Amino acid sequence: MLLPLLFAATVALSAAPAPIAAADTGHVTVDAGIQLYYNVQGGAQRDTIVLVHGGPGLSSSYLERDLDFLTTRHTVILYDQRGSGRSTLITDSTKVSAALHVADLDALLRHFHIAHANLYGHSWGAGLVALYVAEHPATVRRAILGSSIPPRRVPYMAQFSARLTAWADSATKVSINTLSRAQRNAADPVAACRAYWRLFIVGYYADTSAIRRMRSDVCDNPPASLSNRVNAWTLGPLGNWDWRGLLAQTTVRVLVLHGDGDPIPLEAAREWAASIPGSQMAIIKGAGHWPMVERPTELREAIEAFLAGR
């Protein structure tokens with residue numbers, strides 16, 4: 001999930017893949033002793049989807065429960081990106097970058113001996129999936145860019161930021177900013193995080209009544225991780241990114257998923273689709289940035305049809 005101010009190591013691939021254990025959690029060690037937390041859900045006998053969360057700087061906790069419908073047909077692997085959630089907390093800015101996030105995803109796939117991955121990235125995570133496909137196309141079976149970070153910073157990030165608080169009056173905007181600052185040195189970081197998101201999350205939804213149906217918890221993370229700097233350290237060096245040519249030559253099958261009420265403009269998603277040869281686009285009507293909460297049936301149908309080749 002992108003916030004408004006926002007948003008390598010490899011392991012040898014085994015010739016005889018070991019089965020993925022169902023209902024398993026643990027850590028994958030990547031470079032310099034950094035560990036990535038993972039959570040495997042679903043049965044080991046089915047094909048696998050790797051979920052790539054947003055932020056940067058959030059964790060897989062905000063996707064875990066609201067996408068659990070995928071486990072009825074698939075093994076689902078969630079992981080926390082470096083410096084986030086239950087992965088190793090990082091205080092050195094040189095240890096975080098988009099390139100290192102790509103290397104970490106590759107290390108995760110190799111750890112689980114996944115030679116041809118189904119990847120579903122949400123928000124910033126969709127951008128990470130696109131970067132991964134560009135660098136490792138042979139490792140990807142199918143890729144889903146869900147509620148994606150725009151393919152270029154200008155003009156879409158400014159539009160996104162404005163739309164996030166367009167619903168709020170001036171007093172509410174002051175409250176959001178105050179709660180945001182309060183998280184930095186809070187005695188109870190989890191409580192401060194929840195107070196902020198309880199208000200700020202409104203801008204991400206097309207139908208705000210759906211918020212009460214959200215089962216995942218953005219703030220369900222170790223307290224120290226809630227003040228990480230991963231967002232700035234990842235996106236800052238990208239400057240005015242423009243990824244419209246990133247996948248212009250790819251042969252990987254790509255699905256662009258976007259809610260028509262997402263604060264990230266639908267035009268940005270259309271640009272992604274137009275820039276990727278052979279891509280498909282699914283517009284989820286009546287959904288904002290969390291279609292898995294607002295329109296889970298429609299989202300599931302779009303994902304399953306794409307993975308099945310329909």
> Listed residues R152, R229, R184, R142; which is of a type in the set (D, E, K, R), in contact with a strand residue (DSSP E or B) (Cβ under 7 Å, 6 or more places away or on another chain) and within 25 Å of K95 (Cα to Cα)?
Replying inline: R152
>> What are the pairs with Cβ atoms under 9 angstrom where one residue, in region 276-289, is closer than 8 Å to G259 by Cβ and the other, located anywhere, is β-branched (V, I, T) and in a loop (DSSP other than H, G, I, E, B)? Sequence gap at least six, or different chains.
In response: H289/I264
> With (1) in a loop (DSSP other than H, G, I, E, B); (2) closer than 17 Å to D24 by Cα; (3) touching a Gly at 6+ places or on another chain (Cβ under 6 Å) as the list, and R86 as the residue in question, which single condition is left unmet?
Replying inline: (3)
>> Restricting to region 127-178, give me the number of residues that are basic (K, R), within 21 Å of the chain's Cα centre (by Cα) and assigned to a helix (DSSP H, G or I).
In response: 1
> What number of residues in region 225-242 are modelled with pLDDT of 95 or more and surrounded by fewer than 21 Cβ atoms within 10 Å (Cβ to Cβ)?
Replying inline: 9
> Within region 21-58, how many residues are modelled with pLDDT of 95 or more, surrounded by fewer than 19 Cβ atoms within 10 Å (Cβ to Cβ) and part of a loop (DSSP other than H, G, I, E, B)?
Replying inline: 0
> Of the residues in region 263-290, how many are part of a helix (DSSP H, G or I), farther than 15 Å from W124 by Cα and touching a Ser or Thr at 6+ places or on another chain (Cβ under 9 Å)?
Replying inline: 1
> Just a yes or no: is a residue in region 59-71 modelled with pLDDT under 95, outside any strand (DSSP E or B) and more than 19 Å from the chain's Cα centre (by Cα)?
Replying inline: no
> Within the group D92, D80, which residue is within 25 Å of V190 (Cβ to Cβ), among the charged types (D, E, K, R) and in contact with a strand residue (DSSP E or B) (Cβ under 7 Å, 6 or more places away or on another chain)?
Replying inline: D80
>> If I filter region 221-229 for residues that are of a type in the set (D, E, K, R), part of a helix (DSSP H, G or I) and within 20 Å of the chain's Cα centre (by Cα), do I get at least one hit?
In response: no
>> Between V202, V254, which is part of a strand (DSSP E or B) and in contact with a Ser or Thr (Cβ under 6 Å, 6 or more places away or on another chain)?
In response: V254
>> I want to confirm something. Restricting to region 77-117 and keeping residues that are β-branched (V, I, T) and touching a Pro at 6+ places or on another chain (Cβ under 9 Å), which single residue is nearest to D220 (Cα to Cα)?
In response: V96
> Counting just the residues of region 253-310 that are modelled with pLDDT of 95 or more and of a type in the set (K, R), which one comes out surrounded by the most Cβ atoms within 10 Å (Cβ to Cβ)?
Replying inline: R295
> Which residues, counting only those in region 270-302, are closer than 19 Å to L247 by Cβ and either hydroxyl-bearing (S, T, Y) or within 17 Å of the chain's Cα centre (by Cα) (or both)?
Replying inline: W272, S275, S279
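The values are calculated or read from the model by the stated rules, or taken from the named source; none is laboratory data. No experiment lies behind these values; they were computed from the predicted model shown. Here the Cβ is made from the backbone with ideal geometry for all residues, glycine too, and neighbour counts use every protein chain on show.
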